[in-house]
Amino acid sequence: MQPVWDWFRWLNQATGINLTIFYDAFDRTRFASGFWMTVKLSVICIVLSILIGILGAWAQGSRHRILRGAMHWYIQAFRNTPPLVQLYFFYFGLGSLITGVTGPLVTNVGWAIVSLSFFAGAFNVEIFRAGIEAVPRTTIEAAASLGFSRWQTYRQIVFPLAFRISLPALNNNLINLVKTTTLAYAIAVPEMLYVSSQIWSDELNVPVMMNVLLLCYFLLVGIVVWMMSRWERAVRVPGFGV
């Protein structure tokens, strides 16, 4: 790969396009680590937010009023406040209370995962709830007549259909979640934006790194869109939902 790195060094000398993330080993290493941190944040938060959405939608239909009320206020709190404020609340508020002998028990990366997962999860709850409500009532009654319990009906019949109906809206929310990971910059999580800001502060190549960031996020979001579209087509039930 050395000839490639040398070409980028020549490009800087010839045109002033200073892509140190290619020809400088130190910048290359830290940008790569920031890129993978963004990927890991995105993947973990996507998985956790989907699980929160599934469990939350189930809780919304619970017979227990306290559980339904708790879920209602969780959704209202996280949907109606800025995600950056939520991130600060977890990191500076709860983080200052949850400390051990040697320091905080949860790292800044951990709080970013918690905050972003709860934020996206609140929207996923409503997305799945709408999908569940779109399942015909007669389908649920048919399952009950066959002796299915409420949990069996939800797990084997209602949710698989509701999930297919919810996929288009879920795709949009997960794409937004990938872009929202940039907020982790505010609590010094070494993701792509944070690392890029360090590089352009050292190398004074702000316009170049801004364009690199744009292309990288375009790539990441494009991959998510492609994967979710394939998933949507794979689970599609002809004539039902999506």
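Scanning segment 94-126 for residues that are of a type in the set (Gly, Ala, Ser) and modelled with pLDDT under 90, we see that the one that is nearest to Leu183 (Cα to Cα) is Gly95. Look at (1) free of Cβ contacts under 8 Å to residues at least 24 places away in the same chain; (2) open to solvent by 70 Å² or more (accessible area, probe 1.4 Å) and you find that Lys179 fails only one, number (1). Take Ser166 and decide whether it is modelled with pLDDT under 90 and in contact with a Phe, Trp or Tyr (Cβ under 8 Å, 6 or more places away or on another chain). Judged against the criteria, Ser166 is a match.
Yes/no matrix, rows are residues, columns are (1) in contact with a Leu (Cβ under 9 Å, 6 or more places away or on another chain); (2) among the charged types (D, E, K, R):
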residue	(1), (2)
Val135	yes, no
Arg155	no, yes
Leu161	no, no
Leu167	no, no
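Filtering segment 193-213 to residues that are at pLDDT below 90 and loosely packed, with under 13 Cβ neighbours inside 10 Å leaves only Leu204.
Pairing each residue of segment 207-224 that is closer than 16 Å to Ser42 by Cβ with any residue that is in a helix (DSSP H, G or I) and open to solvent by 90 Å² or more (accessible area, probe 1.4 Å), provided the two are 6+ apart or on different chains, yields C-beta distances under 8 Å for Tyr217/Lys179; Val221/Lys179.
Every residue, every condition in (1) free of Cβ contacts under 8 Å to residues at least 24 places away in the same chain; (2) more than 16 Å from Leu55 (Cβ to Cβ); (3) open to solvent by less than 50 Å² (accessible area, probe 1.4 Å); (4) more than 25 Å from the chain's Cα centre (by Cα), yes or no:
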| residue | (1), (2), (3), (4) |
| --- | --- |
| Asn108 | no, yes, yes, no |
| Trp111 | no, yes, yes, no |
| Glu126 | no, no, yes, no |
| Ile132 | no, no, yes, no |
| Phe148 | yes, yes, no, yes |
| Leu161 | no, yes, yes, no |
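For segment 214-242, residues that are open to solvent by 50 Å² or more (accessible area, probe 1.4 Å) and either at pLDDT 85 or above or part of a helix (DSSP H, G or I) (or both) total 12. Determine, yes or no, whether Thr29 is over 19 Å from Ala169 (Cβ atoms), open to solvent by less than 40 Å² (accessible area, probe 1.4 Å) and not in a loop (DSSP other than H, G, I, E, B). No.
Counting residues in segment 82-95 that are open to solvent by 40 Å² or more (accessible area, probe 1.4 Å), touching a residue at least 60 places away in the same chain (Cβ under 8 Å), closer than 26 Å to Val225 by Cβ and among the aromatic types (Phe, Trp, Tyr) gives zero. Inspection of segment 4-21 identifies no residue that is of a type in the set (Val, Ile, Thr), open to solvent by less than 70 Å² (accessible area, probe 1.4 Å), farther than 24 Å from Leu214 by Cβ and part of a helix (DSSP H, G or I). Regarding Pro104, is this residue without any contact (Cβ under 8 Å) to a residue 12 or more places away in the chain, more than 23 Å from Ala59 (Cα to Cα) and under 19 Å from the mean Cα position of the chain (by Cα)? So Pro104 fails the test.
Checked against (1) polar (S, T, N, Q); (2) open to solvent by less than 60 Å² (accessible area, probe 1.4 Å); (3) within 30 Å of Ile132 (Cα to Cα), Gln76 meets all criteria but (2).
The values are calculated or read from the model by the stated rules, or taken from the named source; none is laboratory data. This is a predicted model, so every value here is computed, not measured. Neighbour counts are summed over all protein chains in view; Cβ atoms, including those assigned to glycine, are modelled from backbone coordinates with ideal geometry. Areas reflect the complete protein model, heavy atoms only, side chains present, ligands, DNA and RNA absent. Shrake-Rupley method; radii C 1.70, N 1.55, O 1.52, S 1.80 Å.
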